[in-house]
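Right, one structure below, let's go through it.
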Amino acid sequence: PLWKPGTTMTGPFLSKACYSNEVASVSYVGENRLKVRTSEGLHIELDINIEYKLIKEDAVSLFQKFAMDYEHFFEGHMRSALRHTAAKLAAETYVATTDEGNVYTVSREMEVDLESKFRDELHAQISRVLIEQVYLPQRFENIFETIEGVRLDINQINAAREKDMKEAERNAEQRKSDLILANVSTISKALVDLDKVRRIRPVRIEQQITEN
């Protein structure tokens, strides 16, 4: 294989197969939108963009498997792998906005699954998988929007409750500190008064002895 650009000589009965070393992309959008099923069996559609690059060290193996028609095989494998990954995830995951599940984590999971298959079997590496848009049946989309709204409300309530608890803890600590300071002040004053009594008492005893 030849990996560097330049001029090379070939025999009269030989030909060269050239593969691109640039990042290529496959887009499933519009009429070509990817149709998948979720783990519940719900039909959804995805606008999704995939970027990949051929592994130049595997050029000979790539040619032996697919000749120059690798793009056709790649697209078939991509659809199959993406549908397989999509079927493992719940519909709510595609519309959620939590750290545990959202469209970006779904894209990342699809990327990992594709990368494993392509690197091992198809002599290419996946650069990026990006879900650009998710299309749900309208009745389910309304339900998930309601669920997401309720989740956000619950999160706000929990955040406000946590803030109130922290404020109550700070107030309790402040009251505790105030009581300690007040008790220290009272004790200090009592000790001062006691010291005064101790100083006055001997003088009164001496006065009584003098009068007698």
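Quick notes on this one:
- Chain lengthening between I55 and A24 when straightened (0.36 nm per residue, less Cα-Cα): 9.9 nm
- Pairwise FRET efficiency - M68 versus R33, Cβ, R0 = 25 Å, nearest 0.05: 0.35
- Theoretical FRET efficiency, 1/(1+(r/R0)^6), r = Cβ-Cβ of E45 and H84, R0 22 Å, to 0.05: 0.85
- Accessible solvent surface per residue of the stretch 31-88, calculated while the other protein chains remain in place, 1.4 angstrom probe, Å²: 55 Å²
- Under a 5 Å amide H cut-off, with hydrogens placed 1.01 Å from N, A124 pairs with I55, R119 among residues at least 5 apart or on other chains.
- The heavy atoms of I157 present about 100 square angstrom of accessible area, all protein chains included, probe 1.4 Å.
The values are calculated or read from the model by the stated rules, or taken from the named source; none is laboratory data. The shown structure was predicted, so the numbers you read here are calculated from the model rather than taken from an experiment. Using ideal geometry, Cβ is built from the backbone for each residue, glycine included, and neighbour counts are taken over all protein chains shown. Accessible surface is based on the protein model in full, side chains and every heavy atom, while ligands, DNA and RNA are left aside. Shrake-Rupley method; radii C 1.70, N 1.55, O 1.52, S 1.80 Å.
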